[in-house]
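Worksheet: the structure to be examined is printed underneath.
The values are calculated or read from the model by the stated rules, or taken from the named source; none is laboratory data. Remember, predicted model here, so these are calculated numbers, not experimental data. Cβ atoms come from the backbone with ideal geometry, glycine included; neighbour counts cover every protein chain shown.
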Amino acid sequence: MKILIISAEVAPFAKVGGLADVAGALPKALKRMGHDVRVAMPCYRMIETNPAFAVRDVLAPFPVRIRTGVAQDAFVRGAAIQAGSDAVPVYLIGNRGEGGRPGYFEEATDSTKVYTVSPEPYVFFCHAVLETIKRLEGGWTPDVLHCNDWHSGLVPVFARTSYADDPAVSPAASVFTIHNLAYQGGFDRSEWAATGLPDRLFHPSALEFYGGWSFMKGGLTFSDRVNTVSETYAGEIQTAEYGCGLEGLTQTLCRTERLSGILNGIDYEEYDPATDRRIARQFSGESPEGKAVCKAALQAELGLKVSPRTPLVGLVSRLADQKGLDLIRASVEEMLALPVQLALLGTGDRAYEAYFCCLQERYPGRVHARIAFDVELAQRIYAGSDLFLMPSRFEPCGLGQMMALRYGTVPIVRATGGLADSIVDVAAGSGDKGNGFVFTDYSAAALLDTVKRAAGLYRREAAWTALVRHAMHCDFSWSRSAAQYEALYAAAVTARRLQRPIALERGAPAFSPTVLKDAAGPKD
């Protein structure tokens with residue numbers, strides 16, 4: 001199949017979180033399977049100025065209409081993601097107009113302002129992706145448009161409305177992946193005109209959402225298939241607790257067999273302790289001796305007491321309630337009554353940043369808090385820690401627990417989303433499947449009890465060594481997940497072929513009016 005993956009961030013070009021890892025690794029796995037896969041993302045200024053990416057011009061500038069009577073010039077530059085001896089083409093799409101380029105990184109002055117506050121840059125990007133398809137050399141057109149999170153949520157909308165009669169765009173099936181339903185790209189009614197869409201689509205069965213409108217809802221409603229990044233999260237988002245106001249729609253997507261869950265993988269070439277030059281000593285499941293060197297080096301680097309027998313608990317996270325930071329804050333004093341050390345890396349809520357900095361001052365040699373986004377240090381924490389803490393309130397997939405396992409660091413997780421799908425508790429009865437420590441209740445007491453269990457097992461050297469070896473042999477590479485995406489794409493292509501494109505002037509948003517009426521739910 002010919003597949004175009006569309007994402008606001010793609011490793012190694014631009015990364016804020018796990019979306020970039022997925023958008024950078026999945027294309028490589030699909031390429032190895034024989035698919036003609038390409039990637040489209042915004043052309044951030046930092047990418048253009050980085051000589052390591054060897055950016056080049058691909059298309060001459062062309063106009064893109066972002067609303068009625070308004071057009072701006074787009075440009076497309078090219079780069080590549082290496083997939084073994086092959087390369088995945090990457091289209092870097094930018095805007096020559098003022099204010100038209102997504103400020104995903106340029107405006108990220110702190111962790112609470114990651115995304116631009118205006119919808120227009122992403123409206124432009126979604127339009128420009130489709131205009132780029134029409135102009136690619138050799139007449140390349142995709143079988144599948146794979147959109148990721150809210151930033152690309154209008155691509156399926158435009159494909160089924162404004163481009164419904166375009167032979168380069170309308171035959172393509174749309175797949176929309178929810179990486180985190182809590183971030184929906186929602187805007188006020190006053191900014192609806194930025195979409196350039198007719199008012200008939202400002203409706204509960206299309207993009208209207210509690211008086212405003214949402215990029216995310218557009219992607220969910222107009223795509224042929226929708227998936228999220230774990231099976232458990234696919235179920236959770238159909239509930240009021242996790243549905244973020246969209247549970248009526250996600251329930252209908254499930255009933256109509258358009259919603260599924262596919263657990264993410266990680267790039268086993270990028271995250272390989274046997275070859276990783278970012279860590280103090282390379283090691284593997286067969287030769288794990290280097291992990292002790294990594295731990296001692298990390299303790300020394302962070303000003304912690306170098307002690308091989310003291311379990312080091314790592315935490316690499318956005319500092320927010322979603323990640324369970326409130327549980328950690330409520331239990332950390334009792335945790336530190338145990339013989340453990342804590343190494344924290346992350347940015348986020350300033351109250352948490354200040355709290356953990358104070359905790360470091362109160363526990364010198366026991367706690368280190370690095371308030372930063374530091375990919376290199378993150379790798380050293382994965383490699384040098386004994387335990388990895390992820391007590392999330394909700395976690396669509398989570399990649400940290402998979403990276404930790406790869407480096408022989410045992411996760412402590414709450415059973416939610418992808419954490420529930422990837423980590424099996426080592427308690428009696430789990431046999432040889434146990435690869436971490438799991439708790440269910442969202443409470444500080446449950447987290448503390450689980451840390452105590454982990455610290456207790458750590459003191460049993462033979463049992464701990466066996467657990468570490470087993471953790472390193474768990475397989476969360478992209479091979480299985482990519483095969484599931486392959487099947488999802490095939491289902492989407494079949495669904496698209498069975499449906500006639502719906503032209504904008506006919507007034508129907510997408511699919512059948514009956515399905516859309518049901519999809520709106522009682523409140524949407």
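Annotations
Okay, residues lined up against (1) over 21 Å from His146 (Cα atoms); (2) within 23 Å of the chain's Cα centre (by Cα); (3) not assigned by TED's automatic domain parsing to the domain that holds Val169:
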{"residue": "Ser223", "(1), (2), (3)": "no, yes, no"}
{"residue": "Glu241", "(1), (2), (3)": "yes, yes, no"}
{"residue": "Gln251", "(1), (2), (3)": "yes, yes, no"}
{"residue": "Arg258", "(1), (2), (3)": "no, yes, no"}
{"residue": "Ile279", "(1), (2), (3)": "yes, no, yes"}
{"residue": "Gln282", "(1), (2), (3)": "yes, no, yes"}
{"residue": "Cys294", "(1), (2), (3)": "yes, no, yes"}
{"residue": "Pro311", "(1), (2), (3)": "yes, no, yes"}
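- For the range 265-275, a residue qualifies if it is crowded, with 16+ Cβ neighbours inside 10 Å and out of contact with any Phe, Trp or Tyr (no Cβ under 8 Å at 6 or more places or on another chain), and exactly one does: Glu270.
- If you go through the range 233-261 and pick out every residue that is in contact with a Cys (Cβ under 9 Å, 6 or more places away or on another chain) and either among the hydrophobic types (A, V, I, L, M, F, W, C) or part of a helix (DSSP H, G or I) (or both), you end up with 4.
- Strands (runs of 3 or more DSSP E) (entirely within the range 335-436) containing at least 3 residues that are under 24 Å from Gly456 (Cβ atoms) and at pLDDT 95 or above: 341-345, 387-390, 410-414
- Residues satisfying the stated conditions in the range 171-195, i.e. surrounded by 19 or more Cβ atoms within 10 Å (Cβ to Cβ), more than 30 Å from Ala320 (Cβ to Cβ) and of a type outside the set (A, V, I, L, M): Ser174
- Any chance Thr116 is modelled with pLDDT of 95 or more, in a loop (DSSP other than H, G, I, E, B) and surrounded by fewer than 23 Cβ atoms within 10 Å (Cβ to Cβ): no
- Picking from residues in the range 146-182 that are within 25 Å of Ala482 (Cα to Cα) and in a helix (DSSP H, G or I), the one that is farthest from the chain's Cα centre (by Cα) is Ala159.
- For the range 292-307, the candidate set comprises residues that are part of a loop (DSSP other than H, G, I, E, B) and without any contact (Cβ under 8 Å) to a residue 60 or more places away in the chain; within that set, the residue that is surrounded by the fewest Cβ atoms within 10 Å (Cβ to Cβ) is Val306.
- Considering the range 183-219, the residues that are touching a Phe, Trp or Tyr at 6+ places or on another chain (Cβ under 6 Å) and assigned to a helix (DSSP H, G or I) include one that is nearest to Tyr163 (Cα to Cα), namely Gly219.
- Residue list for the range 120-138, filter: over 15 Å from Pro89 (Cβ atoms) and of a type outside the set (Lys, Arg): Glu120, Pro121, Tyr122, Val123, Phe124, Phe125, Cys126, His127, Ala128, Leu130, Glu131
- Some residue of the range 160-167 being touching a residue at least 60 places away in the same chain (Cβ under 8 Å) and in contact with a strand residue (DSSP E or B) (Cβ under 7 Å, 6 or more places away or on another chain): no
- Pro142 being at pLDDT below 95 and buried (at least 21 other Cβ atoms within 10 Å of the Cβ): no
- On inspection, Gly417 does not qualify as surrounded by 24 or more Cβ atoms within 10 Å (Cβ to Cβ), within 29 Å of Ser260 (Cα to Cα) and more than 18 Å from the chain's Cα centre (by Cα).
- Cβ-Cβ under 7 Å pairs, at least 6 apart or on other chains, the range 483-494 side closer than 15 Å to Leu263 by Cα, far side of a type outside the set (A, V, I, L, M, F, W, C): Leu488/Arg225; Leu488/Asn227; Leu488/Ser260
- The criterion of being surrounded by fewer than 17 Cβ atoms within 10 Å (Cβ to Cβ) and not small (Gly, Ala, Ser) does not hold for Thr310.
- Criterion violated by Glu257 - all others in (1) at positive phi; (2) surrounded by 17 or more Cβ atoms within 10 Å (Cβ to Cβ) satisfied: (2)
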